[in-house]
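Here is the structure we will look at, set down as structure tokens.
The values are calculated or read from the model by the stated rules, or taken from the named source; none is laboratory data. Computed from a predicted model, the values in this text were never measured in an experiment. Cβ placement follows ideal geometry from the backbone for every residue including glycine, while neighbour counts extend to all protein chains displayed. Quick note on the areas: whole protein, heavy atoms, side chains included, nothing else; ligands and nucleic acids left out. Shrake-Rupley method; radii C 1.70, N 1.55, O 1.52, S 1.80 Å.
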Amino acid sequence: MDRRTVLKGLAGAGSLAATGGLSMPALSQGAAARTLRFVPQADLANFDPIWGTQYVVRNAAALVWDTLYGIDATLQPQRQMVESEEVSSDGLTWTFRLRPGLKFHDGEPVLSKDVVASLTRWSARDPMGLMIKAIQNELTAVDDRTFKWVLKQPYPKMLLALGKNNTPCAFIMPERIAKTDPFKQITEYVGSGPMKFARSEWVPGAKSVFEKFTDYVPRQEKASWLAGGKQMLVDRVEWVVIPDPATAAAALQNGEIDWWENPIADLVPVLKKNRNISVDIADPLGNIGVFRMNHLYPPFSDVRARRAVLTALNQEDYMRALVGDDTSLWKPLPGFFTPGTPLYTEEGGEILKGKRDFAAAKKLLAESGYSNQPVSCIVAQDQPITKAQGDVTADLLKQMGMNVDFVATDWGTVGSRRAQKTPPGQGGWQMFHTWHAGADCLSPAAYAGIRGNGDKAWWGWPTSPAVEKEVTAWFDAKSLDEEKAAVARLNRAALEDVIYAPTGFFLNYTAWRKNVSGIAKGPLPFFWGVSKTA
Amino acid sequence: MVSYILRRILATVPVMAIVALFVFSLLYIAPGDPAAVIAGDQASPADVERIRQSLGLDRPFLVQFGSWLWHILHGDLGTSIFTNLPVSSLIAQRIEPTLSLMAITLVLTIVLAVPLGVVAAWKAGSWVDRTIMTFAVFGFSLPVFVVGYVLAYVFALEFEWLPVQGYMPLSEGFWPWLENLILPAVALGCVYIALIARITRASMLEVLQQDYIRTARAKGMGQGSILFIHALKNAAVPIVTVIGLGIALLIGGAVVTESVFAIPGLGRLTVDAILRRDYPVIQGIVLLFSFLYVLINLLVDVTYTLVDPRIRY
Amino acid sequence: MTVSTTHSLTVPPGLVIAPQLPDLLQPVKVRRGVLGFLRNHPTVAIGGALLLCLVLIGIFAPYLGTVDPTAIAPAKRTRAPSADFWFGTDLLGRDIYSRVLFGTRVSLTVGLSVATLATLAGLAIGLVSGFVRWADSILMRFVDGLMSIPPILLAVALMALTRGSVGNVILSITIAEIPRVSRLVRGVVLSLREQPYVDAAIASGTRTPMIILRHILPNTLAPMLVQATYVCASAMIVESILSFIGAGTPPTIPSWGNIMAEGRALWQIKPYIVFFPAAFLSVTVLAVNLLGDGLRDALDPRMAKSL
């Protein structure tokens, strides 16, 4: 190998590369105005909204798939893909008729058999769907645009189930895709929603691209959350994952991105000061901080220990740690239901109000038989919400005189460990933190976290016959007043038995550049009606 | 020469096998369950178990390892648990940004560090030497992300000369590709520049003491040509070695740099995969990095022959 | 003519006495002892002094005007440096001054422990590998394998296996640093093995352990000491990067790395959260590097040119 030849070759290649492409970037000015660059709350690693129930999957799925009904800003389900529906007088037969002209992204028309297959898959995973499935007689297609669902008992909340925004939503997929096992991921992302998923440009962990579906026929009504006409005013939406909040803030200030879903509260003042950026509350339904204890093992198997925690818990500490010094961003929450909604109640919430009483807490703790055993708290460090709550809890319990075993780990490990029913010390756990979107805590309907049915309940497995009684009462309620009464009693029972400890109610901001308009408040980012000037 | 290269490649097989076994075992006994993460917040324990079975995560260790090895040898790096995409396509998507970043950093380093080291050696003992060496020690001492943040703030936000984040593929044009990589490359290269400058200086010092340098000076050769034509070539062997070894440093630093500057590269992919327990992705990437590292060391050995004609294989 | 010298001398005629040479070369003042050593090698002195300062800060942290570094006060979060909080407060209202001083303990512990453990392990592996030929290829394949995995990735992967604790951080970084040390020791052993005095020792029947102890080990000490300082510096930086990614010391124990990691999102508007631990980290790493450079120059002038 001759040294000179090699070096000459390298020099040649270098000059070729330099002259090769001093071209302009691909997007011209006009094209840039038709592309919306958005920073989502998390990365879109997989994209099956029935199989994977993370919020970010649902948010993306809302672009690609459409639903039969959709709730609007008044929380009422409105028709979306459905043209009309009919309920038999005994409440057992629901007959639905689809709108004409609905198409999938591959050009095929949307038919009843697609709907039937999709609903079958959805009802195998969704809590309300499972309830319907349990009382189902048959779900069949009558003709290409009509299908019916025959039940053994009436289910008044049918439309809410089909139109709710809580994950998993009843998205309609082509039959061949919907026939996938509900416990396996789909591999094709074809729907009838207003945008197509650009599969070839998807870089999981970094970027997802959606393109306008030109054959989409929006409804005539004005858009309101998941209801009404979903008009796309941009041609392309790019979801760019920026893991570092400081970098995302800088990118928004620089104009490198147009809309940031979840700016952290501490950076919001910087964004507000910038003349080119608008900042507003993302979702008035906010979030509820959740501190769950394991009811199966001591010390929290004794209700007195749990009530000791509620006696000492200071929601202000948690909320400040989560959203900073802006007091308009949080509210104390002496209950489990979203403030500002019809079923909100503070019944039984005295234990969380007023000055914190550490002496009483310590006394309760001692009565429950606690004597300095280590109590494990698993805290995910990679989620700011759980990390902040975990730090505050550790301090709270230390002040109560408890011996805290702080296990710092990641969200994935928390997810697997909280499912273990083994005793702590053998791979189990005693405390963990999470949060619920306010939109999921409007009523007992889709609220898995409020249930007290022991083994079948959510992580922590609380057992509370009083709570279960009121849940049933709510489902059977015939009027709003009856519902409110049932929920008030439920709230009281849940606080007495301490199903979990609510750490407060908090709001998030969302931020966008001033040349973007049409951004609406809601439980998920809505891309229809959003436009951008150059 | 060709037979040497072939022999070297064969010698890497046992090394890679050990790496593969090591990484696979490490992840097998790790706590944390990808099935639970995938199932999501609202899933029940029965759902999680069903997902585990569908992913084949409940089979014994040797069966999983054997199956994985079999697929690797057929070029199939497996499928990501999380995204359901083939690992090889995930890697293919992400490799260009990382390689671009590393290439730019390498070029920048060599262009900056080698002359600095040469000058420091030439003026050994003077204030020039001391200044350069002090900067070099500073380069070691700062964490990469601090440098990255400061650079982004000064050059991107304040002066608006360069973008804050992101990556443009080379196909979109040379300048957009380059401008997105300048700040990350400088941040990443700090440590590397410091290291190479020191080694260059040390190696050059040794060479400058030699008799033939004295002869060249006595013959009346210009200082520049002495330094760069005679001395540097002879000093090159240790410099090239350290450049090769330092690639491992670069890969590590790339993880942080890619996070700070939002570059969709392999470093971020690895960290995300590790935090999510996406075993096939982790295994594929570590194998890839090891292979690259071994390849680079081979290239280093071949480069020796180019710079030092005495070395023959 | 007589010339006055110490002993008077009669000079025979015809002989010329050269004029007395002026004292151009001052006599070398031989500086003995540790102080002398330090005066001769200022880099060691500066690096050593800085390091000693930091060690003392770490040991006496509770007495230096600090409060409990883990006490949270969310009502007082992210306050700028002031008379009450010399370095300001972090996102949970904890006093950064206290956290940084207590963090000195963690970072120094990690750095020094990793340096010690990696050196000892690397020494053992390198000695065995250099001396026992059949073990060489096996051990070196294993070490090569470890070296092919980039250190950060190896440390992150190991940390993902275990729960966060200072001990586990030390363990993972040590494992990542062992290959470098063992290769260095092996190189020294291989070159020394060919020396005539070693041959003589073997020929005269000295047993291998004795040879290692008497002849090989003393010669490895100098390069190993220097390498140990570099390993220490590198370990402290790796710890901060691990915390940055979220795979390092648990948050209940303040370390410079996790103070910076927690404050990273706000560095534009509240830079003091990242600045103070970064400054302390840089100074410490600088001190250790200076110490290493100085030792290298002092212990073996030949080595000064080869490293």
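Which is open to solvent by 70 Å² or more (accessible area, probe 1.4 Å) and at pLDDT below 95, of A:138, A:85? Before you say what the answer is, go through the steps one by one.
On the way: A:85 fails: open to solvent by 70 Å² or more (accessible area, probe 1.4 Å).
Criteria check complete, one pass: A:138.
Can you tell me which residues in region A:379-418 are more than 12 Å from chain B (Cβ to nearest Cβ) and either in a loop (DSSP other than H, G, I, E, B) or at pLDDT below 80 (or both)?
Result: A:400, A:401, A:402, A:408.
Of the residues in region A:478-508, how many are of a type in the set (Gly, Ala, Ser), more than 30 Å from residue A:423 (Cβ to Cβ) and buried (at least 17 other Cβ atoms within 10 Å of the Cβ)?
Qualifying residue count, region A:478-508: 4.
Could you check region C:136-171 and list, in sequence order, the residues that are in contact with a helix residue (DSSP H, G or I) (Cβ under 7 Å, 6 or more places away or on another chain), open to solvent by 40 Å² or more (accessible area, probe 1.4 Å), more than 7 Å from chain B (Cβ to nearest Cβ) and modelled with pLDDT under 75?
C:162
For residue C:99, are the conditions met, namely being surrounded by 23 or more Cβ atoms within 10 Å (Cβ to Cβ) and touching a residue at least 24 places away in the same chain (Cβ under 8 Å)?
Considered against the rule, which asks whether it is surrounded by 23 or more Cβ atoms within 10 Å (Cβ to Cβ) and touching a residue at least 24 places away in the same chain (Cβ under 8 Å), residue C:99 comes out as yes.
Looking at (1) open to solvent by less than 10 Å² (accessible area, probe 1.4 Å); (2) hydrophobic (A, V, I, L, M, F, W, C); (3) facing another protein chain (nearest Cβ under 9 Å), which one does residue C:242 not meet, given that it meets all the others?
(3)
Of the numbered conditions (1) open to solvent by less than 10 Å² (accessible area, probe 1.4 Å); (2) within 27 Å of the chain's Cα centre (by Cα); (3) without any contact (Cβ under 8 Å) to a residue 24 or more places away in the chain; (4) more than 14 Å from chain A (Cβ to nearest Cβ), residue B:295 satisfies every one except a single condition; which is it?
(1)
Only one of (1) touching a residue at least 60 places away in the same chain (Cβ under 8 Å); (2) open to solvent by 30 Å² or more (accessible area, probe 1.4 Å); (3) out of contact with any helix residue (DSSP H, G or I) (no Cβ under 6 Å at 6 or more places or on another chain) is not met by residue B:68, so which one is it?
So residue B:68 meets the others, but not (2).
Pairs needed: first member in region B:258-278, closer than 17 Å to residue A:246 by Cβ and more than 8 Å from chain A (Cβ to nearest Cβ); second member anywhere, modelled with pLDDT of 85 or more and in a helix (DSSP H, G or I); C-beta distance under 7 Å; at least 6 residues apart or different chains.
B:263/B:97; B:263/B:101; B:263/B:184
What do you reckon, is residue A:373 more than 27 Å from residue A:266 (Cα to Cα), more than 9 Å from every other protein chain (Cβ to nearest Cβ) and in contact (Cβ under 8 Å) with a residue 24 or more places away in the chain?
For residue A:373, the condition - more than 27 Å from residue A:266 (Cα to Cα), more than 9 Å from every other protein chain (Cβ to nearest Cβ) and in contact (Cβ under 8 Å) with a residue 24 or more places away in the chain - is met.
Would you pick out the residues in region B:57-102 that are more than 12 Å from chain A (Cβ to nearest Cβ), in a loop (DSSP other than H, G, I, E, B) and out of contact with any strand residue (DSSP E or B) (no Cβ under 8 Å at 6 or more places or on another chain)?
B:58, B:59, B:60, B:74, B:75
Conditions: (1) open to solvent by less than 10 Å² (accessible area, probe 1.4 Å); (2) under 15 Å from residue A:160 (Cα atoms). Residue A:59 meets all but one. Number of the miss?
(2)
Considering only residues of region B:244-290 that are within 12 Å of the chain's Cα centre (by Cα) and open to solvent by 30 Å² or more (accessible area, probe 1.4 Å), which is nearest to residue B:23 (Cα to Cα)?
B:288
So which of C:253, C:273, C:259, C:237 ends up being modelled with pLDDT of 85 or more, touching a Lys or Arg at 6+ places or on another chain (Cβ under 6 Å) and either away from chain A (no Cβ under 14 Å) or under 20 Å from residue A:387 (Cα atoms) (or both)?
Step by step, each of C:253, C:273, C:259, C:237 is checked, and only C:259 is modelled with pLDDT of 85 or more, touching a Lys or Arg at 6+ places or on another chain (Cβ under 6 Å) and either away from chain A (no Cβ under 14 Å) or under 20 Å from residue A:387 (Cα atoms) (or both).
Would you mind stating whether residue A:206 is within 10 Å of chain B (Cβ to nearest Cβ) and either at pLDDT 95 or above or within 25 Å of the chain's Cα centre (by Cα) (or both)?
Here the answer is yes, as residue A:206 does meet what is asked.
Among the residues of region A:141-156, count how many are closer than 25 Å to residue A:190 by Cα and open to solvent by 10 Å² or more (accessible area, probe 1.4 Å). Explain how you work it out, then say what you get.
Taking region A:141-156 and keeping what is closer than 25 Å to residue A:190 by Cα, we get A:141-149.
In the following step, the residues that additionally are open to solvent by 10 Å² or more (accessible area, probe 1.4 Å) were identified as A:141-146, A:148.
Result for region A:141-156: 7.
Would you please list the contacts, defined by Cβ atoms under 7 Å and residues six or more apart or on different chains, that run from a residue in region C:54-80 that is over 30 Å from residue A:323 (Cβ atoms) to a residue that is of a type outside the set (A, V, I, L, M) and open to solvent by 50 Å² or more (accessible area, probe 1.4 Å)?
C:58/C:105; C:61/C:105
From the list C:201, C:247, pick out the single residue that is open to solvent by less than 30 Å² (accessible area, probe 1.4 Å), assigned to a loop (DSSP other than H, G, I, E, B) and aliphatic (A, V, I, L, M). Even if it seems obvious, please write down each step before you answer.
Values: C:201 fails: assigned to a loop (DSSP other than H, G, I, E, B).
When all the criteria are applied, what remains is C:247.
When you go through B:162, B:157, B:142 one by one, which is the residue that is of a type in the set (A, V, I, L, M), open to solvent by less than 40 Å² (accessible area, probe 1.4 Å) and either within 14 Å of chain C (Cβ to nearest Cβ) or closer than 20 Å to residue B:232 by Cα (or both)?
B:157
Give me the helices (runs of 4 or more DSSP H) completely within region A:127-221, filtered to those with at least 2 residues that are closer than 30 Å to residue A:235 by Cβ and charged (D, E, K, R), ordered by residue number.
It comes to A:175-178.
Which pairs turn up if I take residues in region C:216-233 that are open to solvent by less than 40 Å² (accessible area, probe 1.4 Å) and look for partners that are outside any helix (DSSP H, G or I) with beta carbon separation below 7 Å, at least 6 apart in sequence or on another chain?
Cβ pairs passing all conditions: C:222/C:300; C:226/C:307.
Can you name the residue in region A:165-212 that is touching a residue at least 40 places away in the same chain (Cβ under 8 Å) and of a type in the set (Lys, Arg) and, of all such residues, is most open to solvent (accessible area, probe 1.4 Å)?
Looking at the filtered set, the residue picked out is A:179.
Taking the stated definitions as given, is residue A:455 within 23 Å of residue A:494 (Cβ to Cβ), within 13 Å of chain B (Cβ to nearest Cβ) and in contact (Cβ under 8 Å) with a residue 40 or more places away in the chain? If you could, list the steps in order and put the result at the bottom.
Numbers: within 23 Å of residue A:494 (Cβ to Cβ): yes; within 13 Å of chain B (Cβ to nearest Cβ): yes; in contact (Cβ under 8 Å) with a residue 40 or more places away in the chain: no.
It is false that residue A:455 is within 23 Å of residue A:494 (Cβ to Cβ), within 13 Å of chain B (Cβ to nearest Cβ) and in contact (Cβ under 8 Å) with a residue 40 or more places away in the chain.
Specify which of the listed residues (A:102, A:75, A:162) is within 28 Å of the chain's Cα centre (by Cα) and on the phi > 0 side of the Ramachandran plot.
Exactly one residue qualifies, and that residue is A:75.
Among the numbered criteria (1) more than 11 Å from every other protein chain (Cβ to nearest Cβ); (2) among the polar types (S, T, N, Q); (3) outside any helix (DSSP H, G or I), which single criterion is violated by residue A:472?
Only one criterion is unmet by residue A:472, namely (3).
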